[in-house]
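Here the structure is laid out as structure tokens; the discussion comes afterwards.
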Amino acid sequence: MISETKVAEYKKILEAEKALLEAELQKIGVRDPSNPSDWVAAKATDDSFGADRNDNADIFEEMQDANATISKLEVRFQEVSDALAKIDAGTYGVCEISGTEIEADRLEANPAARTCKAHMNQPR
Ligand SMILES: [Zn+2]
């Protein structure tokens, strides 16, 4: 079993990371009004497309970059949120696939890990 001290330590790390991810998401994105748990690139919502083709291409590229970054941040945000929810539920540190305890060094490297080492590359 992971000690309560360790779990408390990981909880702090995860909460800090969650706040950081949220700040990052707010910087480059806005919450999708139709789905508040989803984020979209900030520029996707305004009508800044103009007559200049080059400007449009730049804006489009920027939006694509922003959306790619947002997607990555969202995935991590979800992982971190899930890990925090598990800490609250008392089910933290158990592999989602095999149900065995996640190795200590794996949690040390990634406190949001969902699986043990044997299942780390399995899709959810
Ligand atoms: Zn496993």
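Read the figures in this text as sums done on the coordinates, not as results from a lab. Bear in mind that the values here come from a model prediction, so they are computed numbers and not experimental data. Cβ placement follows ideal geometry from the backbone for every residue including glycine, while neighbour counts extend to all protein chains displayed.
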State the volume of the convex hull built on the alpha-carbon positions of the stretch 4-92, expressed per residue in Å³ and rounded to an integer. 81 Å³
Sequence-distant aspartates and glutamates (8 or more away, or on other chains) whose Cα lies within less than 17 Å of LYS12: GLU4, GLU22, GLU79, ASP82, ASP88, GLU108
Expressed as a rounded percentage, what relative contact order does the chain have, with Cα pairs under 8 Å and six or more residues apart? 24 percent
Using the Cα centre of the chain as the reference point, and only Cβ charges (+1 on K/R, -1 on D/E), how large is the resulting charge dipole? Debye, rounded to the nearest 20. 500 debye
For the stretch 53-86 and the stretch 1-46, distance of Cα centres in Å: 12 Å
Candidate lysines - alpha carbon under 21 Å from LYS27, same-chain residues fewer than 8 apart omitted: LYS18, LYS43, LYS72
Would you mind putting 104-116, 86-98 in packing order, based on average other-beta-carbon counts within 10 Å, highest first? 104-116, 86-98
What number, rounded to the nearest 500 deg cm²/dmol, is the helix-based mean residue ellipticity at 222 nm of the chain, given -39500 (n - 2.57) per DSSP H run of at least four residues and division by all its residues? -19000 deg cm²/dmol
If you stretched the chain out fully between VAL30 and ARG53, how much longer would it get, using 0.36 nm times the residue separation minus the C-alpha to C-alpha distance? 5.7 nm
